[in-house]
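I have placed the structure first, in the form of structure tokens, so that the comments after it can refer back to it.
What follows is calculated from the coordinates using simple rules that are stated; it is not laboratory data. Predicted, not measured: the structure shown is a model, and the values here were computed from it. Cβ placement follows ideal geometry from the backbone for every residue including glycine, while neighbour counts extend to all protein chains displayed.
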Amino acid sequence: MRAYDKLKTVRQSGRPTAAEYIEQLFTDRISLSGDRRFGDDTAIQGGIGFLEGIPVTYIAIEKGKDLNERIQNHFGCPKPEGYRKALRLMKEAEKFHRPVICIVDTQGAYCGAEAEERGQGQAIAENILEMMGLETPTISIVIGEGGSGGALALCTTDYVYMLENACYSVISPEGCASILWKDASKADEAADALQITAQDMKRMGVAETVISEDFKHFKNMCRDIKKQLVGDLQGLMSCSTTKLLSQRYDRFRKYGVYEEGGVVHGALG
Amino acid sequence: MLFSLFEKKVLDCPYCKHQFKEKNSFYICPQCGKYLKMPPRERIRQVVDKDSFQELSGELKSVDFLNFPGYSEKLEKAQEDTGEADAVVCGGAVIGGSPCAVFVMDSRFIMASMGSVVGEKITRVFEYATRHRLPVIGFTASGGARMQEGIISLMQMAKVSAAVQKHASEGNLYISVLTNPTTGGVTASFAMQGDIILAEPGATVGFAGRRVVEQTTRAQLPDNFQSSEFLQEHGFVDKIVSRDELKASLGTILRLHNGVRRQA
Ligand SMILES: [Zn+2]
């Protein structure tokens, strides 16, 4: 499948949304609301629960199952108050030594006048900054679309998993094509050029794990995700805080390809 | 070209077409008062103490590692037009007697979009400042992430933020100065991470572009939408400082942070 076909696949309704993963992965769930500043953005669902006996905080971008829910959640494009709610839950997780699991599926952060007025850029910036210093393990799973800064705000984690057809991109292929070629219909070419697939991310070191999709056996698929999460969390939880944070620093420090003194630095997997 | 040394440089105002001498103008049009785009080295000349600037990582150059259509040509043209290797100039400096580190983004270079080189240079300047316990002054300008570098350009937001976080966690000061235009991924990362956020008058600062917001929501936006003044009104900018007063303001802020540091 070409990159753009994968993206179209994950954008289709009918695939499990974040809520279904939450239901399978975590038990004894208590959902938590609000950013304590402005309101509650239901595009971001959060709460606490057990992952195989480990208390965790989960934070998920929920696109919505039916049209009503989709409208309610503005199609999974979080507003500033959604990102601030996510940050509040992460800081709470840090305080009580709970690992954080993020589930990501968004075209990008909400685009609108009120989002700009309430500091969409500042909200994302603060999340990224705070997540770099968060003294608890963090893992994110991209289950569909990882759209630009709006996805990054929940993906600056110790590990990133991606479903096999999931995509992660700095800009939508449509946006890229219309800027570069003034022609949004060339999105398929843009998607190839941008290299947005889970396999591209694995190769470039942006994602550690690619998860096979088997929605016919969704329970089994989630059982495998659970196993992977528990294994990775056990490794991360056995690290000292200093080591956890320095590993996270190095994870992001390595990104970049540039020339210096006639030598090209920065490997791409 | 010795002759050019005696030539008086003239600037063209793109807003009102007025022509004026560059000297002592701060690149502010004397007729309409608008702020013109300014080369980073001119910015440095205006704000740092004489002969104090020492450039860091000046040799870094971008690589078209995705073989992205048209990227190599764009880079070449930008390098030719600006005489700079990429879209940011970084270094150590002294402002009003206080040592610090500075970075200045260059909106003439592919809209100061952020790719690996911009991300790496700014990360290094924060790491340098952390090692030497120096404040960082950052002049931001950007059209956003450099899409010709794909996901790696998005990762620069995270990379720089990690370095900002480390610098901050050790009690160091970071002042960001928002200049026209600061948008997209730079707004959603280090532009908004300053302890103190200053802005130039009338600069455009936002996350999503004005036109995108208009097209998506069909909303009527106020004239001052996403201006420095709009951001200050909504609580996201500390102070709007005019160009001719910037050096003095920065010097004062730096002196106000030279207090005794609490021992760990
Ligand atoms: Zn003018």
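So if I average 1/r over every pair of distinct C-alpha atoms in the stretch B:71-118 and take the inverse, what Kirkwood radius in Å does that give?
Its Kirkwood hydrodynamic radius stands at 11.7 Å.
At a 10 angstrom cut-off on C-beta neighbours, averaged per residue, how do the peptides A:219-226, A:147-154 rank from highest to lowest?
Most protected by this proxy first, the peptides run A:147-154, A:219-226.
Report the Cα centroid-to-centroid distance between the stretch A:7-48 and the stretch A:134-187 in angstrom, as an integer.
17
Any idea what diffusion coefficient the stretch A:140-214 gets from Stokes-Einstein, in µm²/s, Kirkwood Rh on alpha carbon pairs, 37 °C, 0.692 mPa s?
Translational D for this selection: 261 µm²/s.
Within 10 Å of each Cβ in B:63-72, how many Cβ atoms from other chains are there, averaged over the peptide?
Shielding by partners across B:63-72 averages 4.
State the Kirkwood hydrodynamic radius of the stretch B:19-68 in Å, one decimal place, computed from all pairs of distinct Cα atoms.
14.0
Give the Rg (one decimal place) followed by the Dmax (whole number) of the stretch A:154-269, computed from C-alpha coordinates and expressed in Å.
17.6, 53
Can you run phi through the Karplus equation (6.51, -1.76, 1.60; θ = phi - 60°) for the stretch B:66-72 and list ³J(HN,Hα) in whole Hz, with x for Gly and Pro?
After applying 6.51 cos²θ - 1.76 cosθ + 1.60, I find 9, 6, 7, x, x, 5, 4 Hz.
Lys pairs in the stretch A:1-103, Cα-Cα under 18 Å, at least 8 apart or on separate chains: how many?
6
Could you give log10 I(q)/I(0) at q = 0.16, 0.17, 0.24 Å⁻¹ for the stretch B:137-243, computed by the Debye formula over C-alpha point scatterers of equal weight, without solvent?
After summing over all Cα pairs, the log10 values are -0.73, -0.81, -1.29.
Amide H neighbours of B:Val136 under 5 Å, counting only residues 5+ apart in sequence or on other chains, H built in-plane at 1.01 Å?
Excluding prolines and chain starts, which carry no amide H, the hits are B:Ala101, B:Leu173, B:Tyr174, B:Ile175.
Which whole-angstrom value gives the distance between the alpha carbon centres of the stretch A:228-260 and the stretch B:67-143?
26
If you take the beta carbon distance between B:Val212 and A:Thr241 as r and set R0 to 35 Å, what does 1/(1 + (r/R0)^6) give as a FRET efficiency, to the nearest 0.05?
E(calc), rounded to 0.05, equals 0.30.
To one decimal place, what Kirkwood hydrodynamic radius in Å is obtained for the stretch B:202-264 from all pairs of distinct Cα atoms?
Result for the stretch B:202-264 stands at 14.6 Å.
Over all directions, what mean area does the Cα convex hull of the stretch A:1-134 project, stated in square nanometres?
Result: 9.2 nm².
Among B:Met114, B:His167, B:Val89, which residue has its Cα furthest toward the positive end of the charge dipole of chain B, with +1 on Lys/Arg Cβ and -1 on Asp/Glu Cβ?
B:His167
Just to check I understand the Karplus step: with θ = phi - 60° and J = 6.51 cos²θ - 1.76 cosθ + 1.60, what whole-Hz values come out for the stretch B:220-230, glycine and proline as x?
Values, residue by residue: 7, 9, x, 4, 8, 3, 6, 8, 3, 5, 4 Hz.
Calculate the translational D of chain B in whole µm² s⁻¹ from Stokes-Einstein, where the hydrodynamic radius comes from the Kirkwood formula applied to all Cα pairs, the temperature is 37 °C and the viscosity 0.692 mPa s.
Diffusion coefficient, whole number: 171 µm²/s.
Name every cysteine in chain B that ends up alone, with no second cysteine's Cβ under 4.7 Å, or say none.
B:Cys90, B:Cys100
Using per-residue counts of other Cβ atoms within 10 Å, averaged over each peptide, order B:215-221, A:89-95 from highest down.
Top to bottom by mean Cβ count within 10 Å: A:89-95, B:215-221.
Rank-order B:158-166, B:103-111, B:48-56 by packing density, defined as the average count of other C-beta atoms within 10 Å over each peptide's residues, highest first.
Per-residue Cβ counts within 10 Å, averaged per peptide and sorted highest first, yield B:158-166, B:103-111, B:48-56.
Starting from the amide H of A:Ile211, placed 1.01 Å from N in the peptide plane, find each other amide H under 5 Å away whose residue is 5 or more places distant or on another chain.
A:Met162, A:Leu163, A:Glu164
Given R₀ = 35 Å, what would the calculated FRET efficiency be for A:Arg11 paired with B:Cys32, taking r from the Cβ atoms and rounding to 0.05?
Using R0 = 35 Å, I get an efficiency of 0.15.
Which value results when the Cα radius of gyration for the stretch B:79-179 is divided by 2.2 N^0.38 Å?
1.05
Which ³J(HN,Hα) values in Hz, rounded to whole numbers, follow from the phi angles of the stretch B:76-84 under the Karplus curve 6.51 cos²θ - 1.76 cosθ + 1.60, where θ = phi - 60° and Gly and Pro get x?
Result, rounded to whole Hz: 4, 5, 5, 5, 5, 5, 9, x, 10.
What residues qualify as long-range amide H neighbours of B:Gly194, i.e. H under 5 Å apart, gap of 5 or more or another chain, H built at 1.01 Å from N?
Distant-sequence amide H within range of B:Gly194: B:Ser176.
Please compute the average number of Cβ atoms from other chains found within 10 Å of each residue's Cβ in peptide B:208-216.
Mean partner shielding for this stretch: 3.
I'd like to know how the protein assembly as shown sits against the 2.2 N^0.38 Å rule of thumb: what's its Cα Rg over that expected value?
Cα-based Rg divided by the globular estimate yields 0.97.
So if R0 is 22 Å, what FRET efficiency would A:Trp181 and A:Met1 give, r being the distance between their Cβ atoms, rounded to the nearest 0.05?
Calculated transfer efficiency: 0.45.
How far is it, in nm, from the label point at B:Ser72 to the one at A:Gln72 when both lie 7 Å from their Cα along the line to the Cβ?
For B:Ser72 paired with A:Gln72, the spin-label model returns 5.4 nm.
Need one value for B:183-194: mean number of C-beta atoms belonging to other chains within 10 Å of its residues' C-beta atoms.
Counting other chains' Cβ atoms within 10 Å and averaging over B:183-194 gives 6.
Against the 2.2 N^0.38 Å scaling, with N counting residues, where does chain A land? I'd like the Cα-based Rg ratio to two decimal places.
Rg over 2.2 N^0.38 Å, computed on Cα atoms: 0.98.
Over all alpha-carbon pairs of the stretch A:1-80, lay out the pair-distance distribution in 10 Å bins, whole %, shortest bin first.
18, 41, 31, 10, 0
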